[in-house]
Amino acid sequence: MQLDSSVLGALRCFEAAGRLLSFTKAAESLSLTQSAVSQQIRHLEDRLGYVLFVRQPRNLKLTPKGEALFETTTRALHEIQQTIQRLGLPNAPLQVNCLPSFALQWLMPRLTDFHREQPDVSVRLKAEFQSLDRQSMDAEDIDVAVRYDPVRYSQLHADVLLDEYLIPVATPEYLARHPGLSDGASLDGVVLLHDASPWVGAAEFVEWRTWLEAFHPAWIAHLEGPQFNLSSLAISAALNHQGVAMGRTALVYDEIRSGRLVNVFGQRVRAPARYMLLSRNPEDRRTAIFSTWLKAECARFDAARMELLLMNEVSRGASKGR
């Protein structure tokens, strides 16, 4: 069989469908229609003379021959991608994939400094919330990614950027309307605001539950409250006096420092997850420059964050003693 352009295009669809085990998801990843992907796979099967997938009611399953071809196709596409990247233009934009809330609250305000310090490294930032692995980063041409989760990545170069701490936050106005809250006396009438999915596969209410188990286990029975699909939305709700959000310090530092939000109890607990920097090719010059800068920024932020948290805790302890 000749590897003409139609076969090469079909192999790209086959790799995506084999990786995701879904024609629909493969179509989304390739910006094609589901029918176009299905037609490409059928064309490839006709040219090969054998079936590549078992079509099941809810998903796909590779046949033995399909598995063998998938392994070879994946390896070949990865090698092609690596070669293109190695031989590519050194000034091509660095593709950075970041969680929406972290991108909005933490990374974006600091990127101006990076552009000023490294004017020859262009950054293309895309905010998304999905799990990543080697194949998906290759398929989507992602150079580096920032993720917040408890996962240990084995197929990618992964560095810990920042540990995280959880603190309940609310506006001074909201606390004034609920005087029994800050001294831990009562949750009566208090609305708890939740990030419904801090990371892919996170248990319901995991961040609030983590903090309450450490400091107020009796309140765990009162976890119900509005849920948002982004932490930044829960923080925005808190800023609008709608309740108490469980703040990740990286996302609420500026609001606490400015006084717009208050560290309600002056008590922090280490989060179950941490911020990770994932790199597809850490030896790439642009990746190395960006990674070095980002790690230094995280170290500076960590020092400032700890100083602020300690001030909150000392102030809270002093107010309790009066």
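None of the figures in this text is laboratory data; all of them are computed from the coordinates on show. This structure is a prediction, so every number in the text was calculated from the model and none was measured. Heads up, the Cβs are rebuilt from the backbone with ideal geometry, glycines too, and the neighbour counts pull from every protein chain shown.
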Worksheet item: Out of the DSSP beta bridges found with both residues in segment 92-322, what percent are antiparallel (nearest 5)?
Response: 60 percent
Practice prompt. Enumerate by residue number the trypsin sites (Lys or Arg not before Pro) in segment 117-199 meeting two conditions: DSSP loop (anything except H, G, I, E, B), and at most 11 other Cβ atoms within 10 Å of the site's Cβ.
Written response: Arg152
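With the Cα gyration tensor of segment 1-120 in hand, give its eigenvalues times 5 under a square root as the equivalent ellipsoid semi-axes, listed largest first in whole angstrom. Let's see the in-between values first.
Numbers: eigenvalues 264, 72, 27 Å².
With the √(5λ) rule applied to segment 1-120, the semi-axes are 36, 19, 12 Å.
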Worksheet item: Seen from all sides and averaged, what is the projected area of the convex hull of the Cα atoms in segment 177-255, in nm²?
Response: 5.4 nm²
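Could you work out the percent of alpha carbon pairs in the chain separated by over 38 Å, rounded to a whole number? Intermediate results must be reported in sequence, preceding the final value.
Details: 15739 of 51681 pairs.
Of the Cα pairs, 30 percent sit more than 38 Å apart.
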Discussion item. Suppose we keep just the alpha-carbon trace of segment 225-322; what are its Rg and Dmax in angstrom?
Written reply: 16.7, 57
Worksheet item: Which angle from 0 to 90°, rounded to the nearest 10, does the C-alpha axis of helix 5-20 make with the longest principal axis of the chain?
Response: 40 degrees
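FRET efficiency for Leu175 and Glu117, Cβ-Cβ distance as r, R0 = 45 Å, nearest 0.05? Each step should come with its number before you reach the end.
Numbers: r = 40 Å, r/R0 = 0.88.
My answer for the efficiency is 0.70.
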Fill in: For segment 118-177, convex hull of alpha carbons as volume per residue, Å³
176 Å³
Practice prompt. Whole number please: convex hull volume per residue, Cα atoms of segment 1-46, in Å³.
Written response: 59 Å³
